[in-house]
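Peer 1: Shown below is the structure under consideration.
The values are calculated or read from the model by the stated rules, or taken from the named source; none is laboratory data. This is a predicted model, so every value here is computed, not measured. Cβ atoms come from the backbone with ideal geometry, glycine included; neighbour counts cover every protein chain shown.
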Amino acid sequence: MIQRSPLAPAAFPDLPPIAGVTTRVARARYKNWDRCDLTFVELSEGTVIAGVTTQSKCPSPEVEWCRDAIPLGSARALVVNAGNANAFTGHRGRAAVEAIAAKAANHLHCLPSDIFISSTGVIGVPLPVDKAEAGLEAAFSAEPCGWEDAANTIGTTDTFAKGAHVSAMIGSTRVELVGIIKGSGMIAPDMATMLGYIFTDAAIDPKLLQQMLSAANRHTFSCITVDSDTSTSDTVLAFATGRAGNAPLTSMDDPGADAFHAALSDLCRQLAHLVVRDGEGASKFIEITVEGAESDASAHRIALSIANSPLVKTAIAGEDANWGRVVMAVGKAGEPADRDRLSIRFGATQVASGGLAVEGYDEAPVAAHLKGQDIQIGVDLGLGDGRATVWTCDLTHGYISINADYRS
């Protein structure tokens, strides 16, 4: 039994149904476990799609399939397999994806390109087509399930189901957005590292939805890291059924477009934070803000250098305010920095400035802050207006334990 992350929310949120979305789960038995591992989401006719995928140069065939299908703009179903990533599996992996798409398309009487597929789990093992097809058959006839069952089914090493909900007003029409996500390890921003799915009843042009999702991704999913490792299978897909009845959004100038974009960004941020809070072995959620950089891009790279540093992450795990490790991480980032302008804070307490420790600073509030679960590290480079925030977790023995025997 996997121990639930100490950073997990108290309970799965109460998420509303989304008109035009029906979720079902089944057992394909991809691994020797007693749980559902195939999720089938049926989407009403007229549903549009947007998505972002991994920047990995060794992507899974599922990622390649989604990349080809997303620009076509329409979707009728989502299939998610858990326990087998089907990555680095050559023509057999591609054939498995094509077989899944064909079977689901035949069931829904639609084009295979309207079927979106993700797989997550062990890399290098071809997805067994017979198990996938049997799982789909079971899913087709299964009773519809709730969001929590779907969120549990897409997980692998996740210790809790992850979901979130926001709403927005488009004119006088309230639209709903629901998201579920999985991710715990192999988490690094290169788009991001996880499988995430967003569903809304809003009517919106797919190109505009893509523009909004890509923008939201840059400040959320691409700003989280657990272990600096980018997956072969990262995918975030947004589906809009158009069933809310709002005047369709086609441009950022349309009334309500700003509100919807803000809601989408908020949802993405909530989901991204949930992934970090379930970081493998994590005991601390860490927010790192870098300001005063020469550019936002430079600040982002410096923040990631800090967030990915094993020395910084283990210091936080040990509740040690070793700000020298933060200096080290700033210096190794390869970005403009001036040691004698650098300021560092833990929580609200500035601990270093002008190239040395702040004389006589009170360590008591710093120690108290580091004993908590939510940690803040601030860095001011004193060079310009560039700013970025990233989120990570600490590094504990638990991460090693989970990943040392992952395949078993």
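Peer 1: For the stretch 305-334, what are the residues that are buried (at least 17 other Cβ atoms within 10 Å of the Cβ) and among the aliphatic types (A, V, I, L, M)? Can you show your working first?
Peer 2: Within the stretch 305-334, the first condition is being buried (at least 17 other Cβ atoms within 10 Å of the Cβ), and the residues that meet it are 305-309, 312-313, 315-317, 319, 321, 323, 325-327, 329-330, 333.
Passing the criteria: Ile306, Ala307, Val312, Ala315, Ile316, Ala317, Ala321, Val326, Val327, Ala329, Val330, Ala333.
Peer 1: Would it be correct to say that Ala50 is assigned to a helix (DSSP H, G or I) and at negative phi? Talk me through it step by step, then tell me what you get.
Peer 2: On the way: assigned to a helix (DSSP H, G or I): no; at negative phi: yes.
It is false that Ala50 is assigned to a helix (DSSP H, G or I) and at negative phi.
Peer 1: Name the residues in the stretch 237-285 that are among the hydroxyl-bearing types (Ser, Thr, Tyr), in contact with a Gly (Cβ under 9 Å, 6 or more places away or on another chain) and under 28 Å from Glu64 (Cα atoms), would you? Lay out the reasoning, then the answer.
Peer 2: Keep residues of the stretch 237-285 that are among the hydroxyl-bearing types (Ser, Thr, Tyr), which gives 241, 250-251, 265, 283.
In the following step, the residues that additionally are in contact with a Gly (Cβ under 9 Å, 6 or more places away or on another chain) were identified as 241, 283.
Scanning the stretch 237-285 gives a single hit, Thr241.
Peer 1: Here are some residues: Ala307, Ala272. Which one is in the same structural domain as Ile375 (by TED's automatic domain parsing) and of a type in the set (Gly, Ala, Ser)? Explain how you work it out, then say what you get.
Peer 2: Values: Ala272 fails: in the same structural domain as Ile375 (by TED's automatic domain parsing).
Result: Ala307 is the single residue among Ala307, Ala272 that is in the same structural domain as Ile375 (by TED's automatic domain parsing) and of a type in the set (Gly, Ala, Ser).
Peer 1: To continue, here is another question. Checking the condition closer than 16 Å to Thr39 by Cα and crowded, with 21+ Cβ neighbours inside 10 Å, which residue from Val129, Val175, Val97 passes? Can you show your working first?
Peer 2: Working: Val129 fails: crowded, with 21+ Cβ neighbours inside 10 Å; Val175 fails: closer than 16 Å to Thr39 by Cα.
Sole residue among the options that is closer than 16 Å to Thr39 by Cα and crowded, with 21+ Cβ neighbours inside 10 Å: Val97.
Peer 1: Mind counting the residues in the stretch 1-28 that are under 30 Å from Asp130 (Cα atoms), modelled with pLDDT of 95 or more and part of a loop (DSSP other than H, G, I, E, B)? Show your work before the answer.
Peer 2: Taking the stretch 1-28 as the starting set, the residues that turn out to be under 30 Å from Asp130 (Cα atoms) are 1-2, 20-28.
Then drop every residue that is not modelled with pLDDT of 95 or more, which leaves 20-28.
After this cut, where a residue has to be part of a loop (DSSP other than H, G, I, E, B) as well, the list is 20, 27-28.
Residues that pass the stated criteria total 3.
Peer 1: Continuing with the same structure: Kindly indicate whether any position in the stretch 73-83 is surrounded by 19 or more Cβ atoms within 10 Å (Cβ to Cβ), more than 29 Å from Lys207 (Cα to Cα) and either at pLDDT below 95 or under 25 Å from the mean Cα position of the chain (by Cα) (or both). Break it down stepwise before answering.
Peer 2: Filtering the stretch 73-83 for residues surrounded by 19 or more Cβ atoms within 10 Å (Cβ to Cβ) gives 75-83.
Then keep just the ones that are more than 29 Å from Lys207 (Cα to Cα); that gives 82-83.
Still in the running and either at pLDDT below 95 or under 25 Å from the mean Cα position of the chain (by Cα) (or both): 82-83.
Within the stretch 73-83, one or more residues are surrounded by 19 or more Cβ atoms within 10 Å (Cβ to Cβ), more than 29 Å from Lys207 (Cα to Cα) and either at pLDDT below 95 or under 25 Å from the mean Cα position of the chain (by Cα) (or both).
Peer 1: Which condition does Leu7 not pass, out of (1) touching a Cys at 6+ places or on another chain (Cβ under 8 Å); (2) farther than 21 Å from Ile123 by Cβ; (3) in the same structural domain as Ala77 (by TED's automatic domain parsing), if it passes all the others?
Peer 2: So the condition that Leu7 fails would be (3).
Peer 1: For the stretch 244-256, which positions are of a type outside the set (Ser, Thr, Tyr) and surrounded by fewer than 19 Cβ atoms within 10 Å (Cβ to Cβ)? Lay out the reasoning, then the answer.
Peer 2: Of the residues in the stretch 244-256, the ones of a type outside the set (Ser, Thr, Tyr) are 244-249, 252-256.
The answer is Gly245, Ala247, Pro248, Met252, Asp253, Asp254, Pro255.
Peer 1: Pull up the stretch 84-94, narrow it to residues that are out of contact with any helix residue (DSSP H, G or I) (no Cβ under 8 Å at 6 or more places or on another chain) and over 21 Å from Thr157 (Cβ atoms), then point me to the one that is surrounded by the most Cβ atoms within 10 Å (Cβ to Cβ). Walk me through it before giving the result.
Peer 2: First pass over the stretch 84-94, keeping only residues out of contact with any helix residue (DSSP H, G or I) (no Cβ under 8 Å at 6 or more places or on another chain): 84-85, 88, 90-92.
Checking which are over 21 Å from Thr157 (Cβ atoms) leaves us with 90-92.
Numbers: Gly90: 9, His91: 9, Arg92: 14.
Looking at the filtered set, the residue picked out is Arg92.
Peer 1: Something else: Kindly state which strands (runs of 3 or more DSSP E) lie completely within the stretch 289-395 and contain at least 1 residues that are aromatic (Phe, Trp, Tyr) and touching a residue at least 24 places away in the same chain (Cβ under 8 Å). Break it down stepwise before answering.
Peer 2: Working: elements: 343-346, 349-353, 374-380, 386-393.
Result: 343-346, 386-393.
Peer 1: So, in the stretch 36-46, how many residues would count as being buried (at least 23 other Cβ atoms within 10 Å of the Cβ) and either part of a loop (DSSP other than H, G, I, E, B) or at positive phi (or both)?
Peer 2: The total comes to 2.
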